[in-house]
Amino acid sequence: MGLKKKWAEEQGLNPVLYIEKKSVLANSIFSDLFEKLKSGRERISDLTIEERKAFDIIRYIKNYEGRVERMNGKVTENYRFSDEREWRYVINPEIEHNLFGNLKKASSEKVKELKKIYNEDISHISLEFSPEDINYIIIRSENERDATLSLIEKVKGKNSLEEVKRLTSRIISVEQLKTDF
């Protein structure tokens, strides 16, 4: 699902900062700053004000390119993350929460359990959006269209029929993108 840029700006999201992993900047951030912040700390309250500011920057950083390992076991080498053009919402560093809720190093069996714990920790924080904030909904194939339409119609109680109709018109499949563009 793609939300409007205006919505992202109004909610305080920011474009991700993509960094080449072999750069001097990446080395400074990950070998020095990240390791210093990580050492023995688990909660945001464990950091000084200056460290919170540095930690805030780190939360917006993502590799420019790298290896991706999906939960289903699929591996993609040299995946270009910058092609995602991601905008990210991060929790205000003044709000108490876990520092590193990264599930990357967790075993696949532990991921569900840890997700539940981390999600409970931040359950009071959410981003709201309406159908008007949605630019598009991308589905893999036309075979998924009916199921997606059913899901949208189930939400109909919260939104007007006109909003549901507009939303369903914003569905596009990867198949369409490949053949039409």
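State whether one or more residues within segment 20-34 are touching a Phe, Trp or Tyr at 6+ places or on another chain (Cβ under 6 Å) and surrounded by fewer than 16 Cβ atoms within 10 Å (Cβ to Cβ). Reasoning before the result, please.
Here is the first cut: in segment 20-34, the ones touching a Phe, Trp or Tyr at 6+ places or on another chain (Cβ under 6 Å) are 20.
Checking the rest, the ones that are also surrounded by fewer than 16 Cβ atoms within 10 Å (Cβ to Cβ) come to 20.
Within segment 20-34 (the criterion being touching a Phe, Trp or Tyr at 6+ places or on another chain (Cβ under 6 Å) and surrounded by fewer than 16 Cβ atoms within 10 Å (Cβ to Cβ)), the answer is yes, since at least one residue qualifies.
Residues of segment 2-19 that are assigned to a loop (DSSP other than H, G, I, E, B) and surrounded by fewer than 12 Cβ atoms within 10 Å (Cβ to Cβ): 12 alone. For residue 114, state whether it is among the hydrophobic types (A, V, I, L, M, F, W, C), modelled with pLDDT of 85 or more and in a helix (DSSP H, G or I). Against the criterion (among the hydrophobic types (A, V, I, L, M, F, W, C), modelled with pLDDT of 85 or more and in a helix (DSSP H, G or I)), residue 114 does not qualify.
The number of residues in segment 75-105 being loosely packed, with under 11 Cβ neighbours inside 10 Å and modelled with pLDDT of 90 or more comes to 5.
The residues of segment 118-137 that are closer than 12 Å to residue 169 by Cα and either surrounded by 15 or more Cβ atoms within 10 Å (Cβ to Cβ) or within 16 Å of the chain's Cα centre (by Cα) (or both), listed by number, are 131, 134, 137. Check whether at least one residue in segment 154-161 is of a type in the set (Val, Ile, Thr), assigned to a strand (DSSP E or B), without any contact (Cβ under 8 Å) to a residue 60 or more places away in the chain and farther than 30 Å from residue 43 by Cα, and report yes or no. So far as segment 154-161 goes, no, none of its residues is of a type in the set (Val, Ile, Thr), assigned to a strand (DSSP E or B), without any contact (Cβ under 8 Å) to a residue 60 or more places away in the chain and farther than 30 Å from residue 43 by Cα.
Under the condition of being of a type outside the set (Val, Ile, Thr) and either touching a helix residue (DSSP H, G or I) at 6+ places or on another chain (Cβ under 6 Å) or touching a residue at least 60 places away in the same chain (Cβ under 8 Å) (or both), the residues counted in segment 164-181 number 3.
So if I check each of 67, 41, which one is part of a strand (DSSP E or B) and closer than 26 Å to residue 111 by Cβ? Please lay out each step first, then the result.
On the way: 41 fails: part of a strand (DSSP E or B).
It is 67.
Under 27 Å from residue 68 (Cα atoms), assigned to a helix (DSSP H, G or I) and either of a type in the set (A, V, I, L, M, F, W, C) or modelled with pLDDT under 90 (or both), is that true of residue 144? Considered against the rule, which asks whether it is under 27 Å from residue 68 (Cα atoms), assigned to a helix (DSSP H, G or I) and either of a type in the set (A, V, I, L, M, F, W, C) or modelled with pLDDT under 90 (or both), residue 144 comes out as no. For segment 58-74, a residue qualifies if it is over 14 Å from residue 36 (Cα atoms) and either in contact (Cβ under 8 Å) with a residue 24 or more places away in the chain or surrounded by 15 or more Cβ atoms within 10 Å (Cβ to Cβ) (or both), and the qualifying residues are 59, 60, 61, 62, 63, 64, 65, 66, 71.
The values are calculated or read from the model by the stated rules, or taken from the named source; none is laboratory data. The shown structure was predicted, so the numbers you read here are calculated from the model rather than taken from an experiment. Note that we place each Cβ from the backbone using ideal geometry, even for glycine, and neighbour counts take in every protein chain shown.
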